[in-house]
């Protein structure tokens, strides 16, 4: 069976880093636009280290910084 609708997810998305300006939305989590892949990777690693979190790369090439 799937996760119950009333159960809280066991992870938290802390940041979303993308190369596509159209995917940057205001709100929580913070969404950041990076001008190139090198900056995108550096931002992801630095944020994850600072927040003691993990990084997930999506099929779109975007990165999410998450805490499990």
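The values are calculated or read from the model by the stated rules, or taken from the named source; none is laboratory data. Nothing here was measured: the structure is a model prediction, and the numbers come from that model. Glycine also receives a Cβ, built like all others from the backbone with ideal geometry; neighbour counts cover every protein chain displayed.
Condition first: exposed (fewer than 13 other Cβ atoms within 10 Å of the Cβ), outside any strand (DSSP E or B) and at pLDDT 95 or above. Can you find one or more residues in region 20-28 that meet it?
Scanning region 20-28, I find at least one residue that is exposed (fewer than 13 other Cβ atoms within 10 Å of the Cβ), outside any strand (DSSP E or B) and at pLDDT 95 or above, so the answer is yes.
Please determine, by comparing only the residues of region 29-50 that are touching a strand residue (DSSP E or B) at 6+ places or on another chain (Cβ under 7 Å) and assigned to a loop (DSSP other than H, G, I, E, B), which one is farthest from residue 68 (Cα to Cα).
Here the residue is 34.
List the residue pairs whose Cβ atoms are under 8 Å apart, where the first residue sits in region 51-67 and is at positive phi and in a strand (DSSP E or B), the second is surrounded by 14 or more Cβ atoms within 10 Å (Cβ to Cβ) and modelled with pLDDT under 95, and the two are 6 or more positions apart or on different chains.
none
Assuming residue 43 fulfils every condition listed in (1) at pLDDT below 95; (2) surrounded by 13 or more Cβ atoms within 10 Å (Cβ to Cβ) apart from one, which condition is it?
For residue 43, the failing item is (1).
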